[in-house]
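These notes are about the structure you will find just below.
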Amino acid sequence: QVQLVESGGGLVQAGGSLRLSCAATGRTFSTNAMAWFRQAPEKEREFVAAIRWSGGTTLHADSVKGRFTISGDNAKTTVYLQMNSLKPEDTAVYYCAASISGIGLRQVDRYDYWGQGTQVTVSS
C-alpha cells in the first residue's frame with residue numbers, strides 16, 4: 001500500500017502562485033509514476049500533470065502547459081506542482097495519485113492510489 005497526503009492548497013488571487021506538495025509513504029518503491037488531477041464542482045476529475053520516475057519524463061495538460069510544472073524527488077517520496085499565473089477556472093480540489101504500471105498516465109483509472117485532495121480557490 002501507498003499513502004498519499006497533499007498540502008499547499010489555499011485561496012489566491014488570479015495571477016498568483018501556489019505550490020502543492022504530495023508526500024508518499026509505504027511501498028513507494030512499487031510506483032513508476034505520480035500525478036496530479038483536479039476536480040471542480042459538478043465536473044469530472046481531470047488530468048493535470050504526471051511524472052515518470054524512470055527518466056523523469058513529465059506530461060502536462062494543455063490547459064496548464066506553460067503555467068504549471070510538476071517535479072519530484074528521486075526517492076519517489078514527494079511530488080510537487082508549481083502553479084503560476086493562476087486563473088479562476090483553476091479552482092478545484094487537487095488530488096495526488098500514484099501509478100504502479102506507469103502507463104496511460106492521462107487516465108484516471110490507471111492510478112492505484114489517491115490522496116484525499118487539497119482545495120485550491122482562485123478569486124477573480
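The values are calculated or read from the model by the stated rules, or taken from the named source; none is laboratory data. As the structure is a prediction and not an experimental result, all values here were calculated from the model. In this analysis, Cβ positions are derived from the backbone assuming ideal geometry, glycine residues included, and neighbour counts consider all displayed protein chains. Note: accessible area is taken over every heavy atom of the protein model, side chains too, but ligands, DNA and RNA are not part of it. Shrake-Rupley method; radii C 1.70, N 1.55, O 1.52, S 1.80 Å.
Under 5 Å between amide hydrogens, built in the peptide plane, is the criterion, and for Gly102 it picks out Asn32, Ala33 among residues at least 5 positions away or on other chains. For region 12-45, backbone nitrogen atoms closer than 15 Å to the point 7 Å from Thr58 Cα along Cα-to-C-beta are found at 18-22, 34-37.
Each residue of region 108-115 was assigned a 3J(HN,Hα) from its phi angle through the Karplus curve 6.51 cos²θ - 1.76 cosθ + 1.60 (θ = phi - 60°); the sequence is 4, 6, 8, 9, 9, 9, 9, x Hz, with glycine and proline shown as x. Taking amide H positions as modeled 1.01 Å from N, with prolines and chain starts lacking one, the residues under 5 Å from Thr78 and 5 or more places away or on another chain are Ala24, Asp73. When the surface is traced with a 1.4 Å probe over the full set of protein chains, Ser54 keeps roughly 100 Å² accessible. The residue among Gly115, Gly55, Leu20 whose Cα reaches farthest toward the positive pole of the charge dipole of the chain, with charges on the beta-carbon of Lys, Arg, Asp and Glu, is Gly55. Taking all protein chains into account, the per residue accessible area for region 1-120 stands at 50 Å² (1.4 Å probe).
For Lys76, Lys43, the ranking by accessible surface with the largest value first comes to Lys43, Lys76, using a 1.4 Å probe. Atom-type composition of the exposed protein surface of the chain places 46 percent of the accessible area on carbon and sulfur (1.4 angstrom probe).
Accessible area ranking (1.4 Å probe, heavy atoms, ligands and nucleic acids excluded), largest first, for Glu44, Glu89, Glu6: Glu44, Glu89, Glu6.
Length available on full extension from Gln3 to Ser21: 0.36 nm per residue minus the Cα-Cα distance, which gives 5.1 nm. For Thr69, the solvent-accessible surface with a 1.4 Å probe is about 80 Å², rounded to the nearest 10.
Using a probe of 1.4 Å, the accessible surface attributed to Asp62 totals some 130 Å² when neighbouring protein chains are kept in position. 3J(HN,Hα) couplings calculated from phi for region 51-66 with the Karplus curve 6.51 cos²θ - 1.76 cosθ + 1.60 (θ = phi - 60°) are, in sequence order, 9, 8, 5, 6, x, x, 4, 10, 10, 9, 5, 4, 5, 10, 4, x Hz; Gly and Pro show x.
The phi torsions of region 18-25, fed into the Karplus equation with coefficients 6.51, -1.76 and 1.60 and a -60° offset, translate into couplings of 9, 10, 8, 10, 9, 9, 10, 10 Hz, rounded to whole numbers, with Gly and Pro shown as x.
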